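Below is one structure, written out as structure tokens; comments come after it.
Laboratory data are not the source of any read-out in this text; all were calculated from the coordinates shown. All values derive from a computational prediction rather than experimental measurement. Glycine also receives a Cβ, built like all others from the backbone with ideal geometry; neighbour counts cover every protein chain displayed.
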Ligand code: COA
């Protein structure tokens with residue numbers, strides 16, 4: 001697929017996906033969503049890609065939400081279909097088996113906040129602003145906001161953000177646990193790449209299983225979640241990466257993982 005609304009660059013195993021509609025603050029119209037679906041699939045299936053960074057073009061916005069001109073036209077059935085399609089796209093990033101970090105470089109509102117929350121880690125620039133402003137438009141979050149926000153920041157704070165529709169700045173987002181780190185705008189690309197590279201230096205199969213265990217286990221009863229974890233722990237014992245990682249420790253040298 002040739003992208004018209006995304007930039008997709010792969011360097012040193014890292015795919016940088018930039019949503020590129022800066023004149024509309026990178027709002028998610030149907031074309032962006034279709035291209036993001038393709039990008040998520042590429043990240044999941046291309047063995048040359050080891051991890052990904054999602055960001056927005058321009059200095060002002062990560063993603064200022066779903067495109068309100070699309071939403072204005074939708075009826076109940078295409079509205080539900082749009083929400084389910086969008087949820088599927090975000091879920092594909094979440095379950096792509098490789099670490100995905102959101103570099104939040106400005107507004108992350110509505111679908112933008114939801115897209116960032118579907119990433120495994122969020123790093124924000126100081127000028128970032130977060131919010132779920134849907135109720136101001138007479139609608140509700142549709143790309144997972146009512147579900148991932150309480151899981152990340154707790155039910156009470158999530159209720160407040162969703163019901164007031166108020167925006168919060170990066171410092172407050174950090175305080176409530178919505179973002180992992182806040183850096184200056186100039187530092188954002190380097191800080192995001194550095195964190196991803198730290199993750200990519202670890203055993204890739206182990207990283208993939210940790211993502212899966214955290215995500216799947218979060219929604220399971222503790223006993224089932226612990227069994228899930230034990231299965232991943234056992235499975236990883238069959239990998240070359242486990243043999244290499246433990247041997248490298250005992251031989252006091254850096255590990256060279258192959259992802260096998
Ligand atoms: N959908 C469609 N277009 C959007 C958009 C969205 N979610 N967010 C911003 N844009 C467009 C604006 O319409 C404007 O387009 P125009 O220049 O053709 O008029 C352009 O992006 C710039 O936005 P503007 O509102 O002029 O910038 P601002 O700095 O004054 O305000 C925001 C920035 C983010 C506060 C404001 O754009 C906003 O509230 N956007 C909607 C956020 C939202 O409700 N998102 C959830 C949707 S479910």
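Once the Cα gyration tensor of the chain is found, what semi-axes does its equivalent ellipsoid get, as square roots of 5 times the eigenvalues, in whole Å, sorted largest first?
32, 20, 18
Report the gain in length on full extension from residue 237 to residue 160: 0.36 nm times residue separation, minus Cα-Cα distance, nm rounded to one decimal.
Extending this stretch completely gives an extra 23.3 nm.
What's the angle, to the nearest 10 degrees (0 to 90), between helix 240-250's Cα axis and the longest principal axis of the chain?
60 degrees
Using r as the Cβ-Cβ distance of residue 85 and residue 136, and R0 as 30 Å, what FRET efficiency do you calculate, to the nearest 0.05?
Details: r = 23 Å, r/R0 = 0.77.
The computed FRET efficiency comes out at 0.80.
What angle do you read, to the nearest 10 degrees and between 0 and 90, between the alpha-carbon axis of helix 30-45 and the longest principal axis of the chain?
Approximately 0 degrees, to the nearest 10.
In whole angstrom, note down how far apart the Cα centers of region 132-169 and region 1-70 are.
23 Å
Test of understanding: ordering 220, 71, 28 by Cβ neighbours within 10 Å, fewest first, what list do you get? Please report the intermediate quantities before stating the final value.
Numbers: 220 13, 71 20, 28 26.
Ascending Cβ contact count within 10 Å gives the list 220, 71, 28.
Treat the count of other C-beta atoms within 10 Å as a stand-in for reagent exposure and order 251, 35, 41 from fewest to most.
251, 41, 35
Is the C-alpha gyration tensor of region 135-260 telling us rounded, prolate or oblate? Criteria: a/c under 1.5 is rounded; beyond that, a/b larger than b/c is prolate, otherwise oblate.
Working: a/c = 3.35, a/b = 1.65, b/c = 2.03.
Because a/c hits 1.5 or more and a/b fails to exceed b/c, region 135-260 counts as oblate.
Just rank 11, 50, 60, fewest to most, by other beta-carbon atoms within 10 angstrom.
The order, fewest Cβ neighbours first, is 11, 60, 50.
So how many Å³ per residue does the convex hull of the Cα atoms of region 4-125 work out to? Intermediate results must be reported in sequence, preceding the final value.
Numbers: hull volume 11.0 nm³, N = 122.
Given the Cα convex hull of region 4-125, per-residue volume reads 90 Å³.
Taking R0 as 30 Å, what's the FRET efficiency between residue 184 and residue 12 from their Cβ-Cβ distance, rounded to 0.05?
0.80
Distance from the Cα centre of region 83-110 to that of region 215-244, in angstrom?
24 Å
Among 30, 38, 46, which one shows the biggest mean-square fluctuation in a GNM of the chain, springs joining Cα atoms closer than 10 Å?
Among 30, 38, 46, the largest GNM mean-square fluctuation belongs to 46.
So if each residue of separation counts as 0.36 nm, and I subtract the Cα-Cα distance between residue 171 and residue 247, what length gain in nm does that give?
23.2 nm
Rg (Å, one decimal) plus Dmax (Å, integer) for the alpha carbons of region 107-155?
Computed over the Cα atoms of region 107-155, radius of gyration and Dmax are 10.6, 30 Å.
Compute the length gained on full extension between residue 126 and residue 30: take 0.36 nm times their separation in residues and subtract their Cα-Cα distance, giving the result in nm to one decimal.
31.6 nm
At residue 48 and residue 95, where each label point lies 7 Å from the Cα along Cα→Cβ, what is the point-to-point distance in nanometres?
Distance between label points: 2.7 nm.
What do you get for the angle between helix 204-218 and the principal long axis of the chain? Use alpha-carbon atoms, 0 to 90 degrees, nearest ten.
On a 0 to 90 degree scale, this one is about 50.
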